[in-house]
């Protein structure tokens, strides 16, 4: 259902070409738990932006749910992000002035869901991550681990095809990080497709398949037993 | 969706109240100026129009022209041209003139018992009443017989009557009128109604005597000071001005010996003054609105920069360009709208204050309020477009990594 075909991404710093991805090919099946690993500069952030439909590849194809995205419009891309992709960031990226419930509602707003249904779906998503009781708090009133749970609820709320998590434990202590990773494991066992981007081997170990990137190419692509 | 966006906009505005207020200041001043201008314009015009109407309707004043000073002579108005006969001839040869009265006036001392006051003595005829829309409250006004007989009849203005006789009945009382070095005894035959002070001066502080008496006994002259003519309508007044001009130019051999002032001309001059004032104040309002708009644009650009990351997050979560655009436009519109409402409040306050000062009723019309609010919203919209567009075009990857 996700197909990456010979994908290249080159950035231009003035006249200097900086290749970030130099031909990457792989597929992701429904229900997989995939980790993308590599040191900084390996191209994993670029790959995650492309998989998240935040950017267009310079060359190659990207198929998601039967749709190729390298030639579709900005607004169609926004729609795909909204409906097919759930993001979880290292920095949490919650909207600081709004409550937790409203944060989780944001993707539903852009989807055009009415207020009552929005409230209900957002509450359900928050209950799934164990935060059903803190709906009216603002992000600055809760802990880092709780923030990341809110972000996961927000990623889940539109029932996306994949959940993309970029270093989701990077800003958390190891115990809280473990709890977050367990949530991902749970979600995966419920059928959600999860792509975890990280540079830490121990974290990648939670996944059932690991792709290792080095200098914009795939170094290893193996299933963890 | 719109409601949601409005809530987001309000939240972001209230998160920095001082900054929001400062950026709205231009709009506030602009809108307040619009409201105040329209109110002052309407109020002042109404006031002036009512003062003009007070002069009597469709009147034309005929005054002597100004003589050029030559050799040892000082420039001053001609005093030896306007006779009673000339006045009658103007009336006879100008069909559009319905009525005409001669006016001669001077300052005299009025004495009754031990009280004396200085007042303007106006020598005139019976038509003075209709022309000035000014009638006696007690007794009667001057009559033709008074003029024919050079009678010593005096009609008092209301203030003069008060000053001389207080609450007593002035009718039939004798008044001594001292003019120059001679004194005459006059009998009071009437007291005029009170007339509000207008452009014609204070009628209430004058006394009225037959023009013939004034010329022959009091001022000892063969000439009157001016004529007041009246036409049947404002259209006829224009025709009358032409006819009088033609007749006087012919009979006086030149147009520099008289001056005509019609109400139309007065209204025109006042309109010009009001227009100039309106253009000036309108300019101030326009500039403040422009500055206000730039203020809004400035703060919106700052806001877009500050919230780059938020825009990135929203885009990642599926916001399309139009969603982002709408969010910032609504914010700019809210700035304009709220600034407009505050401006209307201050504008009203200003209008009421100035109206009190100017002595007319404050008029804040719905039209001017809607106009001002419309302008404020328009300015907000117009100056919000660029920042909103800029926000909507942000690259999500760059926006997300913005610190």
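The values are calculated or read from the model by the stated rules, or taken from the named source; none is laboratory data. A quick note: this is a predicted structure, and the numbers were derived from the prediction, not measured. In this analysis, Cβ positions are derived from the backbone assuming ideal geometry, glycine residues included, and neighbour counts consider all displayed protein chains.
Listed values, structure above:
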read-out: Lone qualifier among B:387, B:396 - being more than 14 Å from chain A (Cβ to nearest Cβ) and over 22 Å from residue B:33 (Cα atoms); value: B:387
read-out: Entirely in the stretch B:1-95, the helices (runs of 4 or more DSSP H) that have 1 or more residues that are away from chain A (no Cβ under 14 Å) and surrounded by fewer than 17 Cβ atoms within 10 Å (Cβ to Cβ); value: B:17-54, B:84-93
read-out: Residues within the stretch A:103-121 that are over 13 Å from residue A:152 (Cβ atoms) and more than 9 Å from every other protein chain (Cβ to nearest Cβ), tallied; value: 9
read-out: Where a residue in the stretch A:119-135 is part of a helix (DSSP H, G or I) and its partner, wherever it lies, is surrounded by fewer than 18 Cβ atoms within 10 Å (Cβ to Cβ), with Cβ under 6 Å and at least six apart; value: A:126/A:132
read-out: Leading residue by the ranking (modelled with the lowest pLDDT) among those in the stretch B:341-373 that are part of a helix (DSSP H, G or I) and over 17 Å from residue B:29 (Cβ atoms); value: B:358
read-out: Single condition residue A:154 does not satisfy, out of (1) within 13 Å of another protein chain (Cβ to nearest Cβ); (2) at pLDDT below 95; (3) in a helix (DSSP H, G or I); value: (2)
read-out: Qualifying position, being within 27 Å of residue A:75 (Cβ to Cβ) and crowded, with 17+ Cβ neighbours inside 10 Å, among B:373, B:381; value: B:381
read-out: Flag for residue B:322 being within 14 Å of chain A (Cβ to nearest Cβ), in a helix (DSSP H, G or I) and without any contact (Cβ under 8 Å) to a residue 60 or more places away in the chain; value: no
read-out: Single residue of A:80, A:85, A:100 found to be within 9 Å of another protein chain (Cβ to nearest Cβ) and buried (at least 23 other Cβ atoms within 10 Å of the Cβ); value: A:85
read-out: Any hit, the stretch B:286-299, residues being out of contact with any strand residue (DSSP E or B) (no Cβ under 7 Å at 6 or more places or on another chain) and within 14 Å of another protein chain (Cβ to nearest Cβ); value: no
read-out: Criterion violated by residue B:192 - all others in (1) under 38 Å from the mean Cα position of the chain (by Cα); (2) over 30 Å from residue B:52 (Cβ atoms) satisfied; value: (2)
read-out: Which listed residue, of B:368, B:334, B:303, is within 17 Å of residue B:17 (Cα to Cα) and more than 14 Å from chain A (Cβ to nearest Cβ); value: B:334
read-out: Some residue of the stretch A:28-40 being within 14 Å of chain B (Cβ to nearest Cβ), under 24 Å from residue A:198 (Cα atoms) and modelled with pLDDT under 95; value: yes
read-out: Hits in the stretch A:103-118 - residues which are farther than 24 Å from residue B:393 by Cβ and outside any helix (DSSP H, G or I); value: A:113, A:114
read-out: Some residue of the stretch B:343-357 being over 26 Å from the mean Cα position of the chain (by Cα), in contact (Cβ under 8 Å) with a residue 40 or more places away in the chain and either surrounded by fewer than 24 Cβ atoms within 10 Å (Cβ to Cβ) or more than 14 Å from every other protein chain (Cβ to nearest Cβ) (or both); value: no
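The rows are residues; the columns are (1) part of a helix (DSSP H, G or I); (2) out of contact with any helix residue (DSSP H, G or I) (no Cβ under 9 Å at 6 or more places or on another chain); (3) surrounded by fewer than 16 Cβ atoms within 10 Å (Cβ to Cβ); (4) more than 14 Å from chain A (Cβ to nearest Cβ).
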position	(1), (2), (3), (4)
B:224	no, no, no, yes
B:237	yes, no, no, yes
B:260	no, no, no, yes
B:265	yes, no, yes, yes
